[in-house]
Amino acid sequence: MDRLIYTALSGATHSLMEQQISANNLANVNTGGFRSDIALSQSDQVQGRGFATRFMSAENQSGINDSTGIPEKTDRPLDVAISGKGYIAVLDSSGNEVYTRNGNIQQNDQGQLTINGHPVLGDNGPIILPPNAMASFGSDGTLSVTPDDGDVKGTMDVDRLKLVDIPVNNLAKNPEGMLVTANGAPAGVDEDIKVSGGYLESSNVSAIGEMMASISLNRQFESQIKMMKAAEDLSDYGNRLLEG
């Protein structure tokens, strides 16, 4: 059969992949600190005599949009938003270091700080607060606690968030959707990263943009299906001619 049908199939497959990525982005439009995915592909020329003008779509691992979401004020002491570039280091379920922009930090019964159940890392490992202490963050990520009696003279620094910066070309996501380094090496601490306490960063997904992209991808997919039908018809006509 003419290779046109495989070329069209390649395009349709890529359109389906893009639709899946767009749907996942749209589903996370209200997920704090979420980084949207970008569908990536490259053209791959079809080899063989007479096919020099035909190219197929070769899928690549999706990229990540590292643009910053909008900070929203919450006035909650344990909420934190990163200003500009940077990520908060946490531990995944396997104890590996992963990263997030979601600054909705919670404190469990043992005093450990977590984000969606992932222990938050500081300079000395997972951060654990003293019991009955009121905590707040400084602009450099330093975590200070005040005794529950409100005596500010008793305020002391207990740890500092591990804040890292990862170049976008070294940024990836693991199967759990957490950010990781593409090369697998732990990211280094960046002392210049600043945070704002009492704020949370929204998702960087544009709902309107993703909906428009979804409509466009549906049309592309329909065009590829029509191309496949045209290739089948051409093949049938050719067979009839050969049969006489």
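The values are calculated or read from the model by the stated rules, or taken from the named source; none is laboratory data. Only a predicted model underlies this, so the values are computations on that prediction, with no experimental measurement involved. Please note: Cβ atoms are built from the backbone with ideal geometry, for glycine as well, and neighbour counts cover all protein chains shown.
A few points about this structure:
- Being more than 17 Å from Gly198 (Cβ to Cβ), touching a Lys or Arg at 6+ places or on another chain (Cβ under 9 Å) and not in a loop (DSSP other than H, G, I, E, B) is a condition met by no residue of the range 65-79.
- Test for Asn102: is it within 19 Å of Val195 (Cβ to Cβ) and not hydroxyl-bearing (Ser, Thr, Tyr): yes
- If the condition is being of a type in the set (S, T, N, Q) and either touching a Ser or Thr at 6+ places or on another chain (Cβ under 8 Å) or modelled with pLDDT under 95 (or both), then the range 97-115 contributes Asn102, Gln106, Gln107, Asn108, Gln110, Gln112.
- Selection of the range 93-152 for residues being surrounded by 15 or more Cβ atoms within 10 Å (Cβ to Cβ) and charged (D, E, K, R) yields Glu97, Arg101.
- All positions within the range 88-126 that are farther than 24 Å from Gly184 by Cβ, touching a residue at least 24 places away in the same chain (Cβ under 8 Å) and over 23 Å from the mean Cα position of the chain (by Cα): Gln107
- Checklist (1) over 22 Å from Leu121 (Cα atoms); (2) surrounded by 12 or more Cβ atoms within 10 Å (Cβ to Cβ) applied to Asp190, failing item: (1)
- The range 13-34: number of residues that are assigned to a helix (DSSP H, G or I), buried (at least 19 other Cβ atoms within 10 Å of the Cβ) and small (Gly, Ala, Ser): 2
- Val46 falls short of the stated requirement of being farther than 24 Å from Gly188 by Cα and modelled with pLDDT of 70 or more.
- When Val168, Val158, Val195 are checked against the criterion of being buried (at least 19 other Cβ atoms within 10 Å of the Cβ) and not small (Gly, Ala, Ser), a single residue qualifies: Val195.
- Residue in the range 195-212 that is acidic (Asp, Glu) and over 22 Å from Glu72 (Cα atoms) present: no
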